[in-house]
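The values are calculated or read from the model by the stated rules, or taken from the named source; none is laboratory data. On a predicted model such as this, the values are computed, not experimentally measured, just so you know. No Cβ is skipped: glycine too gets one built from the backbone with ideal geometry, and neighbour counts run over all protein chains shown. Keep in mind that these areas ignore ligands, DNA and RNA; they rest on the heavy atoms of the full protein, side chains included. Shrake-Rupley method; radii C 1.70, N 1.55, O 1.52, S 1.80 Å.
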Amino acid sequence: MSAVPKRKVSKSRKNMRRSHHFLTTPSSAACPQCNEPRAPHRVCRFCGTYAERQVLDESKLNTAEA
């Protein structure tokens, strides 16, 4: 047997429960090397650096002109 609600959930209680179910915008930070926007704690797609080190090769980078 499965669980069955004992009482109807009111609109107010339903909406209060769902009050935290909203979407947030993804955060971004400026790359310290090229000042392009990038996700925090991720490798920069434009210059290939992370924590002030070159991580990606030039051949694997996304160019801004593309």
For this session: Can you tell me which residue among 45, 13, 7, 17 is basic (Lys, Arg) and in contact with a strand residue (DSSP E or B) (Cβ under 9 Å, 6 or more places away or on another chain)?
Result: 45
Problem set entry | Which listed residue, of 53, 7, is among the basic types (Lys, Arg), open to solvent by 100 Å² or more (accessible area, probe 1.4 Å) and modelled with pLDDT of 95 or more | 7
Problem set entry | Residue among 2, 19 that alone is small (Gly, Ala, Ser), free of Cβ contacts under 8 Å to residues at least 24 places away in the same chain, in a loop (DSSP other than H, G, I, E, B) and open to solvent by less than 100 Å² (accessible area, probe 1.4 Å) | 2
Exercise. Does any residue in segment 38-57 that is within 23 Å of residue 25 (Cα to Cα) come within less than 7 Å, Cβ to Cβ, of a residue that is small (Gly, Ala, Ser) and open to solvent by 70 Å² or more (accessible area, probe 1.4 Å) six or more places away or on a different chain, and which pairs are these?
Worked result: 38/28; 39/28; 40/27; 46/64
For this session: Taking only segment 22-34 into account, find how many residues are of a type in the set (Gly, Ala, Ser) and surrounded by fewer than 10 Cβ atoms within 10 Å (Cβ to Cβ).
Result: 1
